[in-house]
Amino acid sequence: VLDGVCVTGGEPLLQPGLPRFLERVKEEGYAVKLDTNGCYPQRLKGILDAGLVDYVAMDVKNAPARYAETVGIPGFNPAPVEESIRLLRKSTVDYEFRTTLVRELHRPEDLDDIAVWLEGAPKYFLQNFVDSGNLIGRGYHGFSPEELATLDRLQKKMLRNLSALTQNHSKDCILY
């Protein structure tokens, strides 16, 4: 019934016992997917080097210049995120990048900057923000289907170097 395990969070790389847990999962013969925000590149490197994951999905919150605003930490330096991007690119592990689009935080030019940052990545997903009702802050909104279609058209030219350029099955997620 079970083929694999997805380790998600919060940020799973904060857990000191994660490598041992992943070892045990792999010993049982399961595939492992790791979801991360990329803020702990040395921990990610250790897991990649040990062969403890089969797939990594990494959130890229926004363009580097707007990262601090998007994550809500004034002065946040996206250098660790950049290092995680480099590690994944050099790795033999399959991976994807994804950005959750929030109307108040993302502009078309931000997506252009992200496309340049991630140029050559095998997969990049744009996901529409959905308010779960359990947010710490209020006032964030996703984009309408029409706005997403416009963003899709605007981005195809810049994202041409990202593979696939196909629409995912979900109306709220675009795969490039």
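Values in this text are rule-based calculations from the coordinates and carry no lab data. What you see is a predicted model, and the numbers here were worked out from it, not measured in a lab. Here Cβ is always computed from backbone atoms with ideal geometry, including for glycine, and neighbour counts include all displayed protein chains.
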Need the list of aspartates and glutamates near Lys123 for cross-linking: C-alpha distance under 13 angstrom, and skip anything on the same chain fewer than eight residues off. Asp59, Asp94, Glu96
So what's the convex hull volume per residue for the Cα atoms of the chain, in Å³? 136 Å³
So for the chain, averaging the separation of alpha carbon pairs under 8 Å that are six or more residues apart and normalising by length, what relative contact order in percent results? 17 percent
Nearest-0.05 FRET efficiency for Ser91 and Cys6, computed from C-beta distance (R0 22 Å): 0.75
Environment charge at Pro19 (Cβ cut-off 11 Å; Lys +1, Arg +1, Asp -1, Glu -1): +2
What list of whole percents do you get for P(r) of segment 1-95, with Cα-Cα distances grouped in 10 Å bins up to the one holding the largest distance? 16, 48, 27, 8, 1
For the Glu27, Ala65 Cβ pair and Förster radius 35 Å, calculated FRET efficiency rounded to 0.05 is 0.20
Selected from Thr100, Thr150, Thr36 as most flexible by GNM, with the chain as the system and alpha-carbon contacts under 10 Å: Thr150
For the chain, what does the helix formula give at 222 nm: sum of -39500 (n - 2.57) over DSSP H segments with n ≥ 4, over the residue count, nearest 500 deg cm²/dmol? -10000 deg cm²/dmol
Rank Ile114, Ile73, Ile47 by mean-square fluctuation in a GNM of the chain with C-alpha springs under 10 angstrom and give only the top-ranked residue. Ile73
